[in-house]
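The structure appears below as structure tokens.
The values are calculated or read from the model by the stated rules, or taken from the named source; none is laboratory data. This one's a predicted model, so the numbers in the text were calculated from it and none came from an experiment. Note that we place each Cβ from the backbone using ideal geometry, even for glycine, and neighbour counts take in every protein chain shown.
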Amino acid sequence: MKDSYFSRKNMDLPTLLKWIKGLPGDIAEHRVMPAKEAVTADWPEIDPGLIASMRRRGIERLYTHQARAISLASSGRNCVIVTPTASGKTLCYNIPVLEGIIRDSSARAIYLFPTKALAQDQLSELHELIEDMKLDVRTFTYDGDTPADARMKVRNAGHIVITNPDMLHTGILPHHTKWRNLFENLRFIVIDELHTYRGIFGSHFALILRRLARICAFYGSNPTYVCCSATIANPGALAEELIEAPVELVTENGAPSCEKHIIIYNPPVVNATLGIRRSSLLEASRIATEAVSNGVRTIVFSRSRINVELLLKYLRDEAAKRGMDPDRIAGYRGGYLPNERRAIESGLRNGDIRCVVSTNALELGVDIGSLELAVLHGYPGSVTSAWQQMGRAGRRAADGRIAAAVMVASSLQIDQFLAANPDYFFGTSPEHARINPKNPYIQIGHIKCGAFELPFKSGEKFGSCDVEDALEFLEDHEVLHRHEDTYYWQADSYPAASLSLRSATSENFVIHDVTDAAHPKVIGQMDRRTAPTLIFPQAIYFHLGEPYQVQELDHEEMRCYVKHVDVDYYTDGDAASRIEVLDETERAGDIGWGEVLLAVRPTIYKKIKLLTHENVGYGHIHLPEEQMHTTAFWINLPDASASASEDLTREKHETLSGLVNVVRSIAPLYLMCDRGDIIVKGHERDPHFRVPTLFVADNVPGGIGLAEALFDLGRDLFSACLDAILHCKCLYGCPACIGATVSDGGEKTAVMSLIRRILSAREAA
């Protein structure tokens with residue numbers, strides 16, 4: 001029987017780890033995180049029935065962080081709990097919320113989770129606790145899947161409403177009069193996975209919370225916030241910026257943990273001259289295949305949707321060759337239907353699915369049962385994400401068991417830097433989560449939503465922001481009507497419906513499958529920012545593991561038409577960009593930041609063969625240039641030609657390109673952002689400054705604070721870039737440090753020399 005392969009144990013996990021260490025690649029690091037005993041505390045003064053219920057569930061004592069968080073929340077003090085995965089953070093808010101309702105049956109709470117899957121998890125756990133105590137506490141999820149006939153019941157009777165930012169934004173706040181009972185008695189607001197609220201999404205969320213605060217004040221409630229977060233550098237500051245109120249930090253983790261092995265694996269070199277290594281995608285697939293075929297329950301993470309689809313195809317194909325059931329290996333990413341995702345989550349919990357390949361969609365705390373091994377295809381972009389993904393293995397490991405995580409380094413410079421400097425990964429602090437609620441592109445949308453919900457008084461602030469100018473602007477454009485000292489909504493549109501929380505603009509391409517011309521159907525959507533290099537005429541778009549070819553792109557209607565095809569390749573598009581300085585906001589010597597125009601034009605695409613990853617062709621992309629106003633950090637560079645031969649055109653170009661490559665790789669280490677959130681560009685002689693200039697721009701309309709953060713970092717960024725190059729073992733420069741080179745010497749030395757001149761200039765300043 002095929003399934004017998006999943007239950008056989010030719011290798012246990014320790015033996016599998018030995019097998020991994022015997023692979024032809026390099027083990028950059030094998031670090032053992034020792035098991036940790038629990039540190040417990042006495043029960044705080046709460047309802048005895050709650051304590052009895054906990055003990056019936058096997059919880060005799062609380063962990064220290066749980067006891068402190070419960071005490072803080074019960075006394076009405078805002079708090080943020082920052083502990084690792086599987087440390088029991090759920091009890092930190094469930095107990096004080098239920099305690100509050102037991103003491104006052106009119107008390108209400110809102111639970112906010114970034115995904116529907118997390119909300120469903122929480123509903124199940126809460127129901128078990130409520131049923132065990134035989135409490136009359138009505139708990140409901142309220143999201144896009146909630147039936148229309150059930151929504152009135154939730155509004156009128158729900159003690160605890162479990163929802164997400166999107167539904168709060170479009171379905172609750174604009175209709176607050178229907179939720180009067182909730183807002184008049186709102187005692188607690190729970191915000192889980194706080195660290196996910198960064199960048200664009202976090203900036204939107206902060207403004208949603210300001211709208212929520214306005215409505216709470218209108219109904220006379222003053223709720224306590226209980227926040228939970230993975231480890232980031234600034235959890236307290238992030239929470240306070242989101243809720244605009246002081247918070248207490250709870251960071252001492254009292255939960256136990258099993259022994260965990262962390263391996264950083266670098267694929268073998270296949271071309272030493274060029275510094276090229278074997279495909280990390282194929283190496284990750286190889287390790288996961290061996291694990292699954294030997295009964296080790298595994299999760300594989302990859303950074304992009306296309307890589308998830310490719311890994312899923314490789315693993316299923318190999319499973320079929322070994323006589324295993326390929327359906328017991330699943331993919332999980334954005335774009336799958338909700339019922340498909342719920343089925344996968346259920347299959348992981350009950351053991352029907354033995355391996356799942358995911359983007360960071362499963363990085364969050366969805367209960368997917370006990371997994372033994374996490375395989376990371378490449379560094380996920382932040383230290384926080386890496387530890388979250390590694391933490392998905394071993395969540396329920398029994399005493400004496402071990403768990404493991406293997407990070408397979410890709411050829412990207414940042415991966416090779418971490419493989420060469422593993423102490424940097426293990427020793428560095430997590431990144432800062434940054435938001436910018438003052439982003440004018442985002443703020444104006446939420447001011448409109450706020451005015452729709454409640455009129456603005458002249459001089460009234462939106463949170464801590466003075467928005468009189470914005471209100472006057474909306475009045476001038478006949479969106480608001482001013483009567484005496486009050487601004488009223490007068491437009492016909494419903495503002496929340498057209499405001500996307502996932503980008504600074506609401507424009508998305510809707511993808512239509514027209515394979516059957518008589519019965520076209522919508523199969524997905526893609527935001528405008530990422531679309532140009534992914535969906536262009538002749539591009540191959542993967543959905544549910546199946547390839548589709550883009551037939552037409554309608555920019556006016558924002559539609560993409562695709563047909564199912566049978567091909568053995570995928571496409572990878574590229575784009576050219578230019579930056580034009582519009583205004584200098586702040587300057588310190590040779591560095592500064594300010595407003596810029598960022599223009600991007602897709603140029604060319606490659607056809608890459610499945611399995612072998614050979615380049616089997618290319619084509620040109622004919623799409624219009626996309627422009628946006630944003631913010632950028634810049635540094636005016638020392639000009640090598642001032643002290644050397646003027647015949648340095650090629651050398652100057654390669655040196656600047658090398659600096660661009662290393663900055664593009666290292667900057668995300670200091671900012672909680674993806675590589676795609678910034679654009680790094682070098683001008684050999686910038687038209688604005690008249691000297692060589694390096695730009696790092698926020699790849700978001702209006703900017704989200706990354707440029708300003710890099711301005712504050714200044715010299716530290718370039719010190720880290722120099723360290724990355726110095727620690728690389730190549731002679732002349734390679735993809736692990738300054739990128740591919742076109743000649744056989746000098747570039748690496750030239751880039752290091754340029755960075756040293758930058759650092760010397762900064763020290764002198």
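Contact annotation: no residue pair with Cβ atoms under 9 Å, 6 or more positions apart or on different chains, pairs a residue in segment 229-244 that is in a helix (DSSP H, G or I) and of a type in the set (Lys, Arg) with a partner that is surrounded by 22 or more Cβ atoms within 10 Å (Cβ to Cβ) and at pLDDT below 95.
Residue count for segment 173-185 satisfying the condition of being touching a helix residue (DSSP H, G or I) at 6+ places or on another chain (Cβ under 6 Å) and not aromatic (Phe, Trp, Tyr): 5. Annotation note: Cβ proximity below 9 Å between a residue of segment 35-57 that is touching a residue at least 60 places away in the same chain (Cβ under 8 Å) and over 27 Å from residue 391 (Cβ atoms) and a residue that is aromatic (Phe, Trp, Tyr) and assigned to a loop (DSSP other than H, G, I, E, B) (sequence gap 6+ or interchain) occurs for 50/43.
Regarding segment 74-81, can at least one residue be identified that is closer than 15 Å to residue 43 by Cα, assigned to a loop (DSSP other than H, G, I, E, B) and touching a strand residue (DSSP E or B) at 6+ places or on another chain (Cβ under 7 Å)? The answer is no; no qualifying residue exists.
The residues of segment 617-640 that are hydrophobic (A, V, I, L, M, F, W, C), modelled with pLDDT of 90 or more and closer than 30 Å to residue 554 by Cα amount to a single one, 621. Residues in segment 679-702: is at least one in contact with a Cys (Cβ under 8 Å, 6 or more places away or on another chain) and not charged (D, E, K, R)? So far as segment 679-702 goes, no, none of its residues is in contact with a Cys (Cβ under 8 Å, 6 or more places away or on another chain) and not charged (D, E, K, R). The condition of being more than 17 Å from residue 189 (Cα to Cα), touching a His at 6+ places or on another chain (Cβ under 9 Å) and either of a type in the set (Asp, Glu) or surrounded by fewer than 20 Cβ atoms within 10 Å (Cβ to Cβ) (or both) holds for only one of 55, 31, that being 31.
Listed by first and then second residue, the pairs with beta-carbon distance under 8 Å, at least 6 apart or on different chains, first residue in segment 156-175 and closer than 22 Å to residue 90 by Cβ, second crowded, with 20+ Cβ neighbours inside 10 Å and among the basic types (Lys, Arg), are 158/108; 159/108; 160/108; 161/108; 164/116. Screening residue 469 on (1) part of a helix (DSSP H, G or I); (2) in contact (Cβ under 8 Å) with a residue 24 or more places away in the chain shows it passes everything except condition (2).
Is it the case that some residue within segment 281-288 is outside any helix (DSSP H, G or I) and of a type outside the set (Phe, Trp, Tyr)? There is no residue in segment 281-288 that is outside any helix (DSSP H, G or I) and of a type outside the set (Phe, Trp, Tyr). Residues in segment 4-25 that are surrounded by fewer than 17 Cβ atoms within 10 Å (Cβ to Cβ) and either outside any loop (DSSP other than H, G, I, E, B) or modelled with pLDDT under 85 (or both): 4, 7, 8, 9, 10, 12, 14, 15, 18, 19, 21. Considering segment 88-118, the residues that are within 24 Å of the chain's Cα centre (by Cα) and in a loop (DSSP other than H, G, I, E, B) include one that is nearest to residue 40 (Cα to Cα), namely 88.
Taking helices (runs of 4 or more DSSP H) as the structural unit, those lying wholly within segment 406-458 and holding at least 1 residues that are acidic (Asp, Glu) and in the same structural domain as residue 288 (by TED's automatic domain parsing) correspond to 413-420, 422-427.
Assuming residue 536 fulfils every condition listed in (1) of a type outside the set (A, V, I, L, M); (2) surrounded by 19 or more Cβ atoms within 10 Å (Cβ to Cβ); (3) not in a loop (DSSP other than H, G, I, E, B) apart from one, which condition is it? Exception for residue 536: condition (3).
Checked against (1) farther than 21 Å from residue 460 by Cα; (2) among the charged types (D, E, K, R); (3) not in a strand (DSSP E or B), residue 187 passes all but condition (3). Among the residues of segment 608-624, are any assigned to a strand (DSSP E or B), surrounded by 15 or more Cβ atoms within 10 Å (Cβ to Cβ) and more than 29 Å from the chain's Cα centre (by Cα)? Yes, segment 608-624 has at least one match. Sub-6 Å Cβ pairs linking a first residue in segment 17-30 that is of a type in the set (D, E, K, R) to a second residue that is surrounded by 15 or more Cβ atoms within 10 Å (Cβ to Cβ), at least 6 apart or interchain, are 21/27; 26/266; 29/264; 29/422, ordered by first then second residue.
Quick check on segment 210-223. Is at least one of its residues outside the structural domain of residue 703 (by TED's automatic domain parsing), without any contact (Cβ under 8 Å) to a residue 24 or more places away in the chain and under 25 Å from residue 98 (Cα atoms)?
The answer is yes, given that some residue of segment 210-223 is outside the structural domain of residue 703 (by TED's automatic domain parsing), without any contact (Cβ under 8 Å) to a residue 24 or more places away in the chain and under 25 Å from residue 98 (Cα atoms).
When 450, 524, 459 are screened for being more than 30 Å from residue 543 (Cβ to Cβ), touching a residue at least 60 places away in the same chain (Cβ under 8 Å) and of a type outside the set (A, V, I, L, M, F, W, C), only 450 passes.
Filtering segment 554-578 to residues that are charged (D, E, K, R) and not in a strand (DSSP E or B) leaves 556, 557, 566, 568. If you go through segment 253-280 and keep only what is assigned to a loop (DSSP other than H, G, I, E, B) and within 25 Å of the chain's Cα centre (by Cα), you end up with 253, 279.
Among the candidates 567, 600, 596, the residue that is in contact with a Leu (Cβ under 9 Å, 6 or more places away or on another chain) and either at pLDDT below 90 or buried (at least 17 other Cβ atoms within 10 Å of the Cβ) (or both) is uniquely 596. The residues of segment 300-323 that are of a type outside the set (Val, Ile, Thr), crowded, with 23+ Cβ neighbours inside 10 Å and not in a helix (DSSP H, G or I), listed by number, are 301, 302.
Checking each residue in segment 230-249 for being crowded, with 19+ Cβ neighbours inside 10 Å and closer than 19 Å to residue 109 by Cβ picks out 239, 242, 243, 247.
Would you pick out the residues in segment 738-756 that are at pLDDT below 80 and within 34 Å of the chain's Cα centre (by Cα)?
739, 740, 741
Could you tell me whether residue 191 is of a type outside the set (Gly, Ala, Ser), under 18 Å from the mean Cα position of the chain (by Cα) and modelled with pLDDT of 95 or more? Judged against the criteria, residue 191 is a match. The number of residues in segment 661-706 that are touching a residue at least 24 places away in the same chain (Cβ under 8 Å) and not in a helix (DSSP H, G or I) comes to 29. Among the residues of segment 707-723, is there at least one that is part of a loop (DSSP other than H, G, I, E, B), surrounded by fewer than 19 Cβ atoms within 10 Å (Cβ to Cβ) and either of a type in the set (Phe, Trp, Tyr) or modelled with pLDDT of 90 or more (or both)? No - not one qualifying residue is present in segment 707-723. Cβ-Cβ contacts under 8 Å between residues 6 or more apart (or on different chains), taken from a first residue in segment 300-324 that is touching a residue at least 12 places away in the same chain (Cβ under 8 Å) to a second residue that is aliphatic (A, V, I, L, M) and assigned to a loop (DSSP other than H, G, I, E, B), are listed as 310/610; 313/610; 314/611. Restricting attention to segment 239-273, the residues being of a type in the set (Gly, Ala, Ser) and under 30 Å from residue 414 (Cβ atoms) number 3.
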